[in-house]
Amino acid sequence: MIFRKISDRELRCSVSVEEIRANGLEVSDLLKRSDKTYEFFEYLVQEGQEETGFEKNGPMSVEGIFLNGTLELIFRSVDEDEADEWEERESEDETYEAPMPSLPDINPENGEVLKLVQVRFASAGLLYQFCQLLPFAEKVPSSLYQTDGMYVLVLDLDDCTKSEIGAFCMLANEYGTDSAYGDLQASQIMEHGRHICDDAVYRIHEMKPAEK
């Protein structure tokens with residue numbers, strides 16, 4: 001873990017997937033509001049205070065982005081107006097917001113995220129876990145291909161919200177071998193890969209495990 005005090009109100013933390021798992025969590029767990037998630041964030045802030053001298057004053061919010069296998073988090077002190085909003089929430093003991101990761105690939109010409117994406121999976125099991133955990137599988141057009149011994153999903157994220165894209169990114173980093181963004185990369189897979197089926201994410205998401 002690497003900590004850096006950005007200002008009196010902001011603390012930055014870089015934490016690897018291995019460090020997340022060493023604390024009994026998976027990356028996908030950080031998308032949920034749970035006691036384990038909040039305890040982990042509290043732990044990170046305490047470690048950051050010890051290493052950087054950052055002082056926590058009141059509730060904190062947290063935002064995050066997943067880049068190259070590392071979760072980059074920014075903890076930020078909540079001001080008075082934001083604190084009033086916290087008090088109106090149903091769970092008054094929730095002092096953190098779940099991180100909002102985003103895709104790292106940006107089109108430099110128009111600033112828009114490249115929405116067509118391919119994700120490679122080393123096994124059918126990892127592909128199955130990814131599709132089962134994706135909470136908005138029914139709204140994502142997708143096709144499944146096989147090439148070079150890998151399963152490749154090609155997905156259109158155009159109708160997804162920012163939070164859905166963030167959830168997708170975290171799951172892809174956890175279960176996929178690698179990802180590529182853009183029409184050109186996807187078209188190469190669609191032209192040269194062996195097509196298995198369309199609506200792949202939704203079909204696999206709806207699959208039920210075999211009864212023993």
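Take the conditions under 16 Å from the mean Cα position of the chain (by Cα), open to solvent by 20 Å² or more (accessible area, probe 1.4 Å) and at negative phi and apply them to E138. Does it pass? Answer is no for this residue.
Among the criteria (1) closer than 18 Å to F130 by Cβ; (2) open to solvent by 70 Å² or more (accessible area, probe 1.4 Å), the one Q188 does not fulfil is (1). If only residues of segment 203-212 that are hydrophobic (A, V, I, L, M, F, W, C) and either part of a loop (DSSP other than H, G, I, E, B) or more than 12 Å from Y128 (Cβ to Cβ) (or both) are counted, the one that is modelled with the lowest pLDDT is A210. Going by what's in this entry, would V62 be described as within 20 Å of L171 (Cα to Cα) and of a type in the set (V, I, T)? It is true that V62 is within 20 Å of L171 (Cα to Cα) and of a type in the set (V, I, T).
For segment 17-26: of the residues being closer than 22 Å to E164 by Cα and not β-branched (V, I, T), which is most open to solvent (accessible area, probe 1.4 Å)? So that I can check it myself, show each step before the final result.
Step one: of segment 17-26, the residues closer than 22 Å to E164 by Cα are 17, 20, 25-26.
Of the ones still in play, those that are also not β-branched (V, I, T) are 25-26.
On the way: L25: 6, E26: 70 Å².
Only one residue tops the list, namely E26.
Of all residues in segment 27-46, those satisfying the criterion of being surrounded by 15 or more Cβ atoms within 10 Å (Cβ to Cβ) and out of contact with any Cys (no Cβ under 7 Å at 6 or more places or on another chain) are V27, S28, D29, L30, L31, T37, Y38, F40, F41, V45.
Here Y181 meets each of (1) at pLDDT 80 or above; (2) open to solvent by 10 Å² or more (accessible area, probe 1.4 Å) with one exception, condition (1).
Kindly indicate the residue of segment 103-129 that is farther than 22 Å from D183 by Cα and touching a Phe, Trp or Tyr at 6+ places or on another chain (Cβ under 6 Å) and also modelled with the highest pLDDT among those meeting that condition. It comes out as L126. Among the residues of segment 4-30, those that are of a type in the set (D, E, K, R), more than 15 Å from the chain's Cα centre (by Cα) and in a loop (DSSP other than H, G, I, E, B) comprise D8, R9.
Please indicate, with yes or no, whether at least one residue in segment 193-202 is without any contact (Cβ under 8 Å) to a residue 12 or more places away in the chain, assigned to a helix (DSSP H, G or I) and more than 26 Å from I20 (Cβ to Cβ). So that I can check it myself, show each step before the final result.
Start the filter on segment 193-202 by keeping residues that are without any contact (Cβ under 8 Å) to a residue 12 or more places away in the chain, which leaves none.
Among the residues of segment 193-202, not one is without any contact (Cβ under 8 Å) to a residue 12 or more places away in the chain, assigned to a helix (DSSP H, G or I) and more than 26 Å from I20 (Cβ to Cβ), which makes the answer no.
Okay, residues lined up against (1) open to solvent by less than 60 Å² (accessible area, probe 1.4 Å); (2) touching a strand residue (DSSP E or B) at 6+ places or on another chain (Cβ under 7 Å); (3) at pLDDT below 55:
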site	(1), (2), (3)
F54	yes, yes, no
N57	no, yes, no
E63	no, yes, no
F75	yes, yes, no
E80	no, no, no
W86	yes, no, yes
R89	no, no, yes
D93	no, no, yes
M100	no, yes, yes
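The values are calculated or read from the model by the stated rules, or taken from the named source; none is laboratory data. What you see is a predicted model; the values in this text were computed from it and never measured. FYI the Cβ positions are ideal-geometry reconstructions off the backbone, even for glycines, and counts take in every protein chain you see. For the accessible areas, the whole protein counts, side chains as well, though only heavy atoms, and no ligand, DNA or RNA atoms are used. Shrake-Rupley method; radii C 1.70, N 1.55, O 1.52, S 1.80 Å.
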